[in-house]
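J.: Here you go, one structure.
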Amino acid sequence: MRFLKLFLLFVVVQVSAQQGGMWVPSLLSGMNEQEMKHLGMKMSASDIYDANKSSLKDAVPQFDGGCTSEVISPKGLLLTNHHCGFDAIQSHSTVDHDYLTDGFWAYKMEDELPNEGMVVTFVIKIEDVTAQVLANTADLPEAEKQKKIKENIAAVSGSFPKESWQENSIRTFYEGNQYLLFVLENFKDIRLVGAPPSSIGKFGSDTDNWVWPRHTGDFSLFRIYADKNNHPAAYAKENVPYVPKHFLPISLDGVKENDFNLVYGYPGRTTEYLPAVAVEQIVNTLNPAKIEVRDRALKIEDGFMRKDNAIKIQYASKYASIANYWKKWMGESLGLKKSNAVNVKRAEEQRFNEEVAKKGKTAVYGSLIVDFETNYKEIAPYALARDYFNEVVVRNTELLSVGYKLYQLEQLYKTKGEQAFTERKNVLYNGLGEFYKDYNKAVDEKVFGELIDIYARKVPAEFIPPALTNVDTKKLTSDVYAATQLTSYGEIQKLLTGDTQTILNKINNDKGYQLVKSMADTYLNKVAPKYDEINLRITALQRTYIKALLELKTKARMFPDANSTLRVTYGKVKGYKAKDATIYESRTYLDGVLEKYIPGDYEFDVSPKLIDLYNKKDYGPYGEGGKMPVCFIGTSHTTGGNSGSPAIDAKGNLIGLNFDRVWEGTMSDIYYDPAICRNVMTDIRYVLFIIDKFAGAQNIIDELKLVHPKKKR
Ligand code: ARG
Ligand code: GLU
């Protein structure tokens, strides 16, 4: 009897440990539904996704390409993260009207601010078109096969029924082993409704980023506008608030440890099925290289930002974006090492090979793992040089990244001729104004000095460009910045004036440009072609590997890697054991904000108004037992792109807003370990408290549907 009990306990633990994965909502299986119900869900799969009646998916559009958002009112009110709205909030800000510092609230719809270029995309329908896309391709050689697949994709997406204002998009899953078609609606008139001050929306900033315990009210509010037929339309003053097919009611009942929740959204990219050798390369070589580059750039920018408020505004968004992945890679490496991911994968690969042998598939799959080893060894120096080029030239040194745009312009002239050149030149001529608005030469020169030094020392010797061979990088830096015209908008406009030959001559005489050209030429001749060639082989291996895993069923639960399409992930509210003797609880409170408070600090300052509300315990209906909840964590498997995703309770109500993961678990993009991988959400009651008690935006609260699902009636 005792034994039986133990055995049952073991079975239950096994079942409930089945978590992780980002599942396609239209393809949720009986297994998924069973797992969700086991975790406490009270809905059915068709409440989550249904192409024929309104379901949760109709309230969860992708936000501006990279984040997720959710509709929370019948008037198209949209909730997403503060860091997802950050660029928009920043672009409406000036030193006098500093919405980043002070927050922004539209107390009337007329005050909402339009955002040029912003797009919000709904999924109307998902259809499996694998058979059509792969039709008549089985016996073709690889190159022809890919060509035929492309043709099939064009034909299917051209003919699949849709309305005139909709769009069809076909995406590949399981690396070319499955194809799904999405019917989409893109809304383009999106207006800013509200944002808390950064001291709330970005509380803890980069120090707390990717870390638990967390105390950030990471939210902002937008509204979707549509034409009078409720269809997508370009911005027009007379557009009207969008009427959604579904919007999320908001639960005021809060969360407890072990409560079910699902996170719905658009995870960007994961690589869960990488071979051990690839993971090893990431941990030992590629992550450390990228981390070092960003480390240096960040230290310099930070030094300037702390001293000068104008620079702080100019560099806030850039700094946050460089810092984000810098820190993520550190956490990821740590977690991969700690969880022994490489060895775990090696053991899996051994089991895979045994299974291949057992099923008599050695001829087709027997050399996969060895081939991975060979190809990853071969690609190593190219991959490293590529990361340095991307990190130093394309991304993090402003002069080099502008220079690289000019380099691409010159290449365009060489490959596509005069007209393409002129079109791109005009785009640059006008568009670079935005870039220079946030540019500071002193900051850039210092960053340049540091990063060019890393480049000259750390890129594998055979890929160092002539311009950096045996040079004194200090002298190079001051020479370049004394002479180049790439450091101001006025000067670069002069460079880009005249006929094509004049422009090309002028830019080629610029010292900054000459350096970029030397770096880019070397990269494009010596690194990129070989990298692409090996990478193509690796991609083909990966496709076969995934096919084999699906076929041999060596993994009981196999979800497709994230690819920025709509996914469901589910789990429980749960704390975790971070390291020896360190156990984290699953929920934080406003008390923790005050514990972290550092007056005047740019990351940990707290607004007097918030302190006042705290002292008075003026939490309205949003508090719990005299305390104000702020954030919570759970076991859902999320990644970049899930920012702004709704956390939804067992009955379909909004309980939280996803915005991050915990330090020890950021490796979940490569290896998900249910013991330490946690997603971080802002408690929805904190969002409501800030809107209501802090901002006094009763107009917004009035639009919402607040519910008490846990109360029996
Ligand atoms: N780590 C979160 C994400 O990946 C938040 C990023 C924004 N915050 C920041 N301090 N950079 O998007
Ligand atoms: N902050 C991330 C984003 O922008 C989400 C957190 C994560 O990567 O898990 O999507």
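J.: Just want to confirm a number: the relative contact order over the chain, from Cα pairs under 8 angstrom separated by 6+ residues, in percent.
T.: Values: 1274 pairs, mean separation 166.8, N = 713.
Over the chain, the number comes to 23 percent.
J.: Now a separate question. Using a Förster distance of 60 Å, how high is the FRET efficiency between Arg269 and Lys609, based on the Cβ-Cβ distance and rounded to 0.05? If you can, show how the numbers build up before the last one.
T.: Details: r = 39 Å, r/R0 = 0.66.
That pair, Arg269 with Lys609, gives E of 0.95.
J.: May I ask you to compute the full-extension gain from Lys148 to Ser46, defined as 0.36 nm times their residue separation minus their alpha-carbon distance, rounded to one decimal in nm? The partial results should precede the final answer.
T.: Numbers: separation 102, 0.36 × 102 = 36.72 nm, distance 3.47 nm.
Length gained between Lys148 and Ser46: 33.3 nm.
J.: Using modelled backbone amide H atoms (1.01 Å from N, in-plane), which distant-in-sequence or interchain residues come within less than 5 Å of Ile250's amide H?
T.: Under 5 Å from the amide H of Ile250 lie the amide H atoms of Leu654, Lys705, Leu706, Val707, each far enough along the sequence or on another chain.
J.: Just in the stretch 91-196: which trypsin sites (Lys or Arg not before Pro) are loop by DSSP and have at most 12 other Cβ atoms within 10 Å? Present the calculation step by step, with values, prior to reporting the outcome.
T.: Details: sites: Lys108, Lys125, Lys145, Lys147, Lys148, Lys150, Lys162, Arg171, Lys188, Arg191; in loops: Lys108, Lys162, Lys188.
Passing sites in the stretch 91-196 are Lys108.
J.: If you filter the stretch 204-251 for trypsin sites (Lys or Arg not before Pro), then keep DSSP loop positions with at most 13 other Cβ within 10 Å, what is left?
T.: When the trypsin sites (Lys or Arg not before Pro) of the stretch 204-251 are filtered for loop state and at most 13 Cβ neighbours within 10 Å, Lys228, Lys237 remain.
J.: So how far apart, in nm, are the two label points at Ala138 and Lys53 if each is 7 Å from Cα heading toward Cβ?
T.: 3.9 nm
J.: Working out 0.36 nm times the residue gap between Lys37 and Val95, then minus their Cα-Cα distance, what length gain in nm do you get to one decimal?
T.: Details: separation 58, 0.36 × 58 = 20.88 nm, distance 5.15 nm.
Full extension from Lys37 to Val95 adds 15.7 nm.
J.: Please find the FRET efficiency linking Glu167 to Arg543, where r is the Cβ-Cβ separation and R0 is fixed at 25 Å, and quote it to the nearest 0.05. The partial results should precede the final answer.
T.: Values: r = 27 Å, r/R0 = 1.07.
Result of the calculation: an efficiency of 0.40.
J.: Please report, ordered by residue number, every helix of the chain (full DSSP H runs) that is 20 Å or longer along its axis going by C-alpha atoms and whose mean Kyte-Doolittle hydropathy reaches -0.5.
T.: Details: long enough: 2-16 (21 Å, 1.85); 142-159 (26 Å, -0.92); 287-307 (30 Å, -0.92); 309-338 (41 Å, -0.54); 341-358 (25 Å, -1.14); 368-388 (29 Å, -0.15); 398-416 (26 Å, -0.44); 418-437 (29 Å, -0.91); 441-458 (25 Å, -0.24); 528-552 (35 Å, -0.08).
For the chain, where a helix must reach 20 Å along its axis and average at least -0.5, the hits are 2-16, 368-388, 398-416, 441-458, 528-552.
J.: In percent, how large is the relative contact order of the stretch 476-597, given Cα pairs closer than 8 Å and 6 or more residues apart?
T.: Values: 43 pairs, mean separation 14.8, N = 122.
It rounds to 12 percent for the stretch 476-597.
J.: With the crude spin-label approximation of a point 7 Å out along Cα→Cβ, what separation in nm comes out for Asp591 versus Ser518?
T.: 6.1 nm
J.: Which order results if Leu552, Leu221 are arranged by neighbouring Cβ count within 10 Å, fewest first?
T.: Details: Leu552 15, Leu221 27.
Lowest to highest Cβ neighbour count: Leu552, Leu221.
J.: Averaging sequence separations of C-alpha pairs under 8 Å and six or more residues apart, then dividing by the length of the stretch 265-407, give the relative contact order as a whole percent. Numbers along the way, then the final one.
T.: Numbers: 80 pairs, mean separation 51.4, N = 143.
Averaging sequence separation for qualifying contacts and normalising by length gives 36 percent for the stretch 265-407.
J.: For Asp253 and Lys361, calculate 0.36 nm times their separation in residues minus their Cα-Cα distance, and state this gained length in nm to one decimal.
T.: On the way: separation 108, 0.36 × 108 = 38.88 nm, distance 5.40 nm.
Computed gain between Asp253 and Lys361 is 33.5 nm.
J.: Efficiency by 1/(1 + (r/R0)^6): what FRET value for Thr422 and Lys511, r their Cβ-Cβ distance, R0 = 25 Å, to the nearest 0.05?
T.: Efficiency for this residue pair is about 0.50.
J.: Tell me the mean residue ellipticity at 222 nm calculated for the chain from its helices only (DSSP H runs of n ≥ 4, each -39500 (n - 2.57), averaged over every residue, nearest 500). Write down the numbers at each step before the final one.
T.: On the way: 27 runs with 320 residues, N = 713.
After summing the helix terms and dividing by the residues of the chain, the value is -14000 deg cm²/dmol.
J.: Just going by the charge dipole of the chain, with Lys and Arg at +1 and Asp and Glu at -1 on Cβ, which of Gly265, Ser91, Leu384 is farthest out on the positive end?
T.: Gly265
Only the coordinates and a few stated rules stand behind these numbers; no lab work does. If you're wondering where the values come from, they're calculated on a predicted model, not measured in any experiment. Note: ideal-geometry Cβ built from the backbone for every residue, glycine included; neighbour counts use all protein chains shown.
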